[in-house]
1. Mind checking whether some residue in the stretch 76-88 is within 30 Å of TRP109 (Cα to Cα) and either touching a residue at least 60 places away in the same chain (Cβ under 8 Å) or of a type in the set (Val, Ile, Thr) (or both)?
2. Restricting attention to the stretch 307-349, and to residues there that are at pLDDT 50 or above, part of a loop (DSSP other than H, G, I, E, B) and not basic (Lys, Arg), which single residue is surrounded by the most Cβ atoms within 10 Å (Cβ to Cβ)?
3. Pick from GLU246, GLU232, GLU238: which is buried (at least 16 other Cβ atoms within 10 Å of the Cβ) and over 20 Å from the mean Cα position of the chain (by Cα)?
4. Only one of (1) touching a Ser or Thr at 6+ places or on another chain (Cβ under 8 Å); (2) in contact (Cβ under 8 Å) with a residue 60 or more places away in the chain; (3) surrounded by fewer than 15 Cβ atoms within 10 Å (Cβ to Cβ) is not met by GLY227, so which one is it?
5. When you go through (1) touching a Leu at 6+ places or on another chain (Cβ under 9 Å); (2) surrounded by fewer than 21 Cβ atoms within 10 Å (Cβ to Cβ) one by one for ARG29, which number turns out not to apply?
6. Of the residues GLY187, GLY233, which is out of contact with any Ser or Thr (no Cβ under 9 Å at 6 or more places or on another chain) and either outside the structural domain of ARG29 (by TED's automatic domain parsing) or closer than 26 Å to PHE118 by Cβ (or both)?
7. Within the group ALA295, ALA211, ALA283, which residue is touching a Lys or Arg at 6+ places or on another chain (Cβ under 8 Å) and within 20 Å of VAL316 (Cα to Cα)?
Amino acid sequence: MQNNMPVVWWLRVVALFVLATLVLGGATRITDSGLSITEWAPILGVIPPMTDAAWERALEMYRQIPEYQLINRGMSMGEFQFIYWWEWSHRFVARSIGLVFAVPLVFFWVRGRLPDWFKPWGITLLALGGLQGAVGWWMVASGLVDRVDVSQYRLATHLTLACIILMVTVWLSVRLAGRAGSVAAPGAVRLGAVLIPFAILFQIALGALVAGLDAGHASDTWPLMQGLLVPEGMWTLEPGWINAFENHLTVQFNHRVFAYLVTILVVWHAVLAVRSGRGAGLAVTLLALVFAQVAVGIGVIVWRVPPHLAAFHQFVAAVLLWVSVVHATHLARPRGAAAETSGLSAAAV
């Protein structure tokens, strides 16, 4: 029997790197650092400015964009270096994922350690990683000409794609460990487990719109918004559909309401899992994480988006997504599981 745990642990490390980019990306947005590097150099960009002249050149390039001219005019070199290092760190970790994934992929492939069913997924993840780099620059480019920040649409695309990469990586690690469909559960429990990761993904996308618009400042009260269950001014933009994406109040309201819906879904699922005795451990873990996330989210709102708490909010969201994918894969209906897991280690995830 072939031991696949080295491959499983490789994927877990890749997932940790993706999680790190999610947290660093959130911190970059919170510190308004995302536009500090105004060029895309996938290879040479890994080297930060090393001399005073190089730093002056980087700052001079930053001085050409609207964010500097309209928001940060007169920024000192020290202030510029603070935002530069946040963005550089985010890009550096993101670039590192390419090596952390590609080199072991080739090694395991050549050594015959990868099942045939995994190989197309390996190529797909490699392609998604390259696409994510391009989407990241596409996002940054939106803030270099006519805006003082990046497009919330492109930010949501960038964050959502990163989360999809995380989901696929975690899902593959669980399958390779032979744990896909390992927990037999009633249909309702299984359905809830499968719905939860996608609900969390959608909620993260809504959160990206909040971050992209700085809509967390639209209302700093909870549970009411501006003293009302449904605040006034949510549908002032024309055409009406655009309010869901560009009206600060509406974007925050949608993020709040869907958080309640996700919480209800997770509570319902946990109750069914505990009653059935199937998958109860991770279901209760998800419930605890969701309650913690709601509490952190409320804190972010009422304390007017403190940077450290907002970054922690994104971290908990990523952990929630990770755990929910593991749980869903455990409970998913097996599809050819006997063939798929033949020869695989049954080590726990």
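1. Going residue by residue through the stretch 76-88, those that are within 30 Å of TRP109 (Cα to Cα) are none.
Taking every residue of the stretch 76-88 in turn, none turns out to be within 30 Å of TRP109 (Cα to Cα) and either touching a residue at least 60 places away in the same chain (Cβ under 8 Å) or of a type in the set (Val, Ile, Thr) (or both).
2. That would be ALA332.
3. GLU246
4. Unmet for GLY227, out of (1) touching a Ser or Thr at 6+ places or on another chain (Cβ under 8 Å); (2) in contact (Cβ under 8 Å) with a residue 60 or more places away in the chain; (3) surrounded by fewer than 15 Cβ atoms within 10 Å (Cβ to Cβ): (2).
5. (2)
6. GLY187
7. Criteria check complete, one pass: ALA211.
For every residue, the table says whether it meets (1) out of contact with any Lys or Arg (no Cβ under 6 Å at 6 or more places or on another chain); (2) farther than 20 Å from GLN64 by Cβ.
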residue	(1), (2)
ALA127	yes, yes
MET139	no, no
ASP149	yes, no
ILE164	yes, yes
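The values are calculated or read from the model by the stated rules, or taken from the named source; none is laboratory data. Only a predicted model underlies this, so the values are computations on that prediction, with no experimental measurement involved. All Cβ positions, glycine included, derive from the backbone under ideal geometry; neighbour counts span all protein chains shown.
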